[in-house]
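For reference, the structure is listed below as structure tokens.
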Amino acid sequence: MLPSARLPFYLGLFLVSCSVLTLEVLDTRLLSVLTWYSLAFFVIAMGLFGLTAGAIQVYLRHEEYAGERLCGALARDALQLALAVPVSFVLLLIVPLRAEAVATTVPLFVLFAAAVALPFYPAGKVVAAALTCSPLPVGRVYAVDLLGAALGAPLVPMLLERLGGSAILSVSVLAAIASFAFAQAAADRTQTRRAVVAMLGAFLLVGANAASSRGLVPLWAKGRPEARDQVERELWNSHSRVQVSPPAPVLAALWGKGDKCNAGWVLQRAAEIDAHAATPLYLVGKNLESLRFLDCDVSNAVHCIRPRGPIAIVGVGGSRDIQSALLAGHGPVVGIELNARLLELVRGPLGKDTGVADRSDVVLVHDEARSFLSRSQDRFAVIQASLIDTWAATGAGAHALGENGLYTVEAFGVFLDRLEPGGILSVSRWLGTETDRLVAVAMAALLARGVVRPREHIALLRAGVVSTLLVARDPLSEADRIALEAVSAEKGFSITALPGRAALAQRLEGILAATDRAALDRRALSVSLDLRPTTDERPFFFNVVRLGAALGSLPAGADDVIAIEGNLIATRTLLLSFVAALVLVLGAIAVPLLRRARLERALDAPLVAGLAYFALIGVGFMLAEIALLQRLSLVLGHPSYSLMVVLSSLVGAMGIGSLVSDRLPLDRAPWCYVFPLFIAAVLAGVALGWPRLSAGIAAAPTGTRICFAIALCGVVGVFAGCAFPAGMRLAQRSLGAETPWLWGINGVGSVLASSLAILIALTHGLTTLMLAGAALYVLLVPAVYVLLRPAGQRS
């Protein structure tokens with residue numbers, strides 16, 4: 001390669017890698033609207049599949065990328081990426097993905113998976129050819145690839161804020177510029193003209209679609225047709241799409257209406273989040289008395305026993321709970337909202353008539369509630385969290401990105417610490433297994449605080465399909481019990497549990513009767529349901545159906561079909577994702593490779609060792625990455641933050657590690673045996689030392705928590721980034737022609753591991769997941785031994 005071609009070559013690779021990670025994160029956001037959050041890692045898997053399939057094509061058609069033809073071929077493939085992005089986008093918008101337990105769902109998932117993977121295929125050809133066919137140092141090329149990917153994730157918030165649903169189309173622009181750079185490196189005028197046309201076309205498409213509300217938009221969301229005739233405004237950010245309806249007089253919908261109450265009519269807007277979760281904006285101005293019907297919602301029962309004093313509202317939404325608190329007489333009212341778009345809505349002209357934002361006794365805070373309360377010095381008479389999760393999270397069973405860490409024993413400990421003497425934590429959830437697990441979490445949190453008789457601190461009321469759990473810092477008084485009985489009789493609530501009386505349900509009574517953590521865990525676990533208290537180690541609150549029962553029908557006696565069915569849908573979605581990935585891997589990767597492979601090479605020890613090496617680092621790294629995503633989502637306060645910060649910093653650090661590896665003798669003994677063990681030791685140290693590493697970090701400001709995450713990912717990434725280029729240098733000694741195959745096998749391992757990692761985390765926890773990744777790096781040592789042996793000593 002001529003010296004003048006190196007800079008445009010590196011620029012083209014940098015932009016393609018940036019496009020890949022940007023597209024991956026944007027697809028995650030889009031699928032959170034179209035389907036469920038559990039499919040976020042499905043995007044990662046299919047992205048890796050597309051990259052791997054592209055790498056295999058480079059292996060099968062190696063002559064197209066040889067010598068002086070390399071840059072021209074890369075320009076062609078980058079152009080294909082620019083064209084594939086809008087095609088994939090349109091397919092995702094029109095395919096009505098569902099998760100029914102019928103055979104028809106499997107080909108539907110395969111089609112959807114192929115649509116996700118489509119643009120990653122030409123990107124995979126670019127990356128694989130650049131890494132395995134370029135005469136440049138592999139460590140330097142791999143570093144450029146990873147550093148480009150590291151820039152992709154931070155681009156996502158900016159693109160979504162400015163372009164909304166058209167953000168994915170902007171990836172075409174980056175890919176077209178990359179094609180132009182490669183064409184310049186190849187000095188190919190025809191490819192240059194095509195790249196310029198593609199750039200102009202992509203710019204026009206992005207601008208036109210962003211300027212119109214009737215452009216390329218989803219036709220289906222959450223398995224149902226999406227109507228846009230009642231959308232006045234649409235707002236996007238990195239963790240939600242918010243659609244706001246025009247104001248209209250409606251009969252107010254109460255989450256848990258008492259039997260003796262009637263809802264009132266009110267002028268409201270509705271804000272729908274990710275096509276399923278809704279929050280109302282009651283436009284009453286200063287006339288809060290017109291909302292007196294909110295007293296009839298069981299989620300507000302706490303106000304009857306603590307009607308005064310400071311209150312923290314977890315999840316502002318459309319400000320309904322703030323209005324209820326003001327109506328009851330609380331002050332000051334601190335509203336904590338993670339979604340900046342919802343706060344923008346409440347504070348802006350569309351939400352001005354809620355009468356909340358301009359009050360001196362209301363403070364609106366943009367932060368994650370657990371983190372904010374951890375570092376706050378204030379104490380509250382009430383902390384209220386009413387159905388604050390989105391339906392997307394519930395439907396996903398909190399696999400991966402649906403979990404926000406608010407429903408863990410550690411989180412409840414934070415909330416109880418921020419209550420003033422006599423203060424009460426009020427949490428409302430859907431009736432049935434969610435409520436039972438919520439009570440188990442509260443019991444575990446009280447036991448952890450040294451409370452001898454925790455059930456004396458707990459009351460549980462229900463109305464309709466909603467239960468409200470009241471957890472008092474101190475034992476509930478006789479006056480509290482009398483007040484709860486009185487308001488229940490007046491409004492028509494049912495008292496499910498109260499100090500001094502047995503719970504109405506046998507399963508709930510068993511949980512409340514536990515006097516230690518071991519007994520609590522035993523009583524909360526059954527053949528089909530796992531209601532044990534969720535912790536930061538296993539923060540999957542909504543995942544109540546045990547994995548072995550997920551493929552069957554609803555557990556016998558289940559009284560909350562909605563919650564359990566959502567859990568079943570999520571688990572089946574995860575399994576279907578794995579099957580779809582497996583089908584595509586076999587069809588597009590394994591079959592061509594087996595057809596190309598010669599029998600004598602298939603049995604050759606170096607080839608087997610090389611395949612094992614790259615499969616192990618693919619699986620091991622994916623297990624570690626997903627464990628970090630889950631761990632750091634609790635630290636950073638939102639899973640989308642985790643996805644962007646972890647991916648960006650981890651991949652960037654791997655690029656630095658790759659660059660450094662060129663200067664280290666990692667392909668020579670004894671260092672080739674040492675570095676896999678060192679990577680394993682780092683991962684094991686993070687896994688076993690996590691409680692000490694993360695102690696106190698949740699109470700730190702957002703900037704500090706982000707720096708902590710970047711530093712942790714940096715340490716892991718720098719060492720993990722050495723494994724691929726070191727392995728490639730080892731393999732090139734005897735497997736030079738097979739290196740694209742090795743790159744492809746690395747992707748195969750990552751594809752399948754993305755689903756496997758979630759299954760391990762669900763059943764055994766995040767520490768085990770990280771340790772499993774560490775163990776796989778230890779297994780690199782035998783593979784290195786075989787690759788390093790002289791040819792005469794191989795069997």
With the other protein chains left in place, how much accessible area per residue, in square angstrom, belongs to the chain at a 1.4 angstrom probe? 36
Mind running the shape call on the stretch 48-96? Use the C-alpha gyration tensor, a ≥ b ≥ c as the square roots of the eigenvalues: rounded below 1.5 for a/c, prolate if a/b tops b/c, oblate otherwise. oblate
Taking the alpha-carbon centroid of each part, what is the distance from the stretch 661-691 to the stretch 102-174 in angstrom? 28
The stretch 456-525: relative contact order as a whole-number percent, Cα under 8 Å and 6+ apart: 30
Of all the accessible heavy-atom surface of the stretch 167-321, with the other protein chains kept in place and a 1.4 Å probe, what percent is carbon and sulfur? 59
One finds the C-alpha centres of the stretch 366-381 and the stretch 462-506 to be spaced, in Å, by 26
Sequence-distant residues sharing a close amide H with Cys722 (under 5 Å, placed H): none
How about Lys286: which aspartates and glutamates have a C-alpha closer than 18 Å to its C-alpha, ignoring those fewer than 8 places off in the same chain? Asp295, Asp321, Asp353, Asp358, Asp361
Give the longest segment of the chain that steers clear of GluC sites (Glu not before Pro) in DSSP loops with at most 14 neighbouring Cβ atoms within 10 Å, not counting the sites themselves. 233-795
Proximal lysines to Lys257, defined as alpha-carbon separation beneath 19 angstrom and excluding residues fewer than eight positions away on the same chain: Lys491
Can you give me the relative contact order of the stretch 46-180 as a percent, contacts being Cα pairs under 8 Å and 6 or more apart? 43
Students often get this wrong: which residues of the stretch 751-771 have the backbone nitrogen under 19 Å from the point 7 angstrom along Cα-to-C-beta of Leu688? 765-771
According to a simple spin-label model (label point 7 Å from Cα along Cα-to-Cβ), what is the distance in nm between Val715 and Ser494? 5.1
Write down the percent of antiparallel bridges among all DSSP beta bridges whose residues are both part of the chain, to the nearest 5. 70
Can you tell me the relative contact order of the chain? Whole percent, Cα pairs under 8 Å, sequence separation 6 or more. 16
From a point 7 Å beyond the Cα of Asp358 in the direction of its Cβ, which residues of the stretch 318-350 have a backbone N at a distance under 15 Å? 346-350
Where does the chain land at 222 nm, in deg cm²/dmol rounded to the nearest 500, when only DSSP H runs of n ≥ 4 count, each adding -39500 (n - 2.57), divided by all residues? -18500 deg cm²/dmol
Estimated distance in nm for a label pair at Arg517 and Arg379, the labels positioned 7 Å out from Cα along Cα-to-Cβ: 2.6
Give me the net charge of Glu234's neighbourhood, meaning all other residues with Cβ under 14 Å from the Cβ of Glu234; Lys, Arg count +1, Asp, Glu -1. +1
What are the ³J(HN,Hα) couplings of the stretch 281-292, residue after residue, when phi is run through the Karplus curve with 6.51, -1.76, 1.60 and θ = phi - 60°? Round to Hz, x for glycine and proline. 10, 7, 8, 10, x, 8, 8, 5, 4, 5, 9, 4
With point charges of +1 on the Cβ of Lys and Arg and -1 on the Cβ of Asp and Glu, referenced to the Cα centre of the chain, which listed residue (Pro782, Ala753, Ala186) lies farthest in the positive direction of the dipole? Ala186
Rounded Å value of the spacing that divides the Cα centres of the stretch 1-76 and the stretch 191-224: 20
Please sort through the DSSP H helices of the chain and keep those with an alpha-carbon extent of at least 30 Å along the long axis and a Kyte-Doolittle average not below 1.0. 3-34, 40-60, 70-94, 138-163, 561-585, 605-636, 639-661, 671-694, 739-764
FRET E, pair Arg789, Arg6, Förster distance 35 Å, beta-carbon r, rounded to 0.05: 0.50
Counting only other residues whose beta carbon sits under 13 Å from that of Leu712, what net charge do I get with K and R as +1, D and E as -1? +2
Residues with beta-carbon under 14 Å from that of Ser694, excluding Ser694: net charge, scoring Lys, Arg +1 and Asp, Glu -1? +1
No Cys partner within the rule (Cβ under 4.7 Å), the chain: Cys18, Cys71, Cys133, Cys304, Cys672, Cys707, Cys713, Cys722
Compute, for the stretch 195-259, the length of the dipole vector about the Cα centre, with Cβ point charges of +1 (Lys, Arg) and -1 (Asp, Glu) only. Units Debye, rounded to 20. 100
Within the accessible area of the stretch 400-553, what % is carbon and sulfur when the probe is 1.4 Å and the other protein chains stay in place? 54
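The values are calculated or read from the model by the stated rules, or taken from the named source; none is laboratory data. Note that the coordinates shown come from a computational prediction; the quantities given were computed from them, not determined experimentally. For neighbour counting, all protein chains shown are included, and Cβ atoms are generated from backbone atoms with ideal geometry for every residue, glycine included. What goes into the accessible areas is simple: the full protein's heavy atoms, side chains included, and nothing from ligands, DNA or RNA. Shrake-Rupley method; radii C 1.70, N 1.55, O 1.52, S 1.80 Å.
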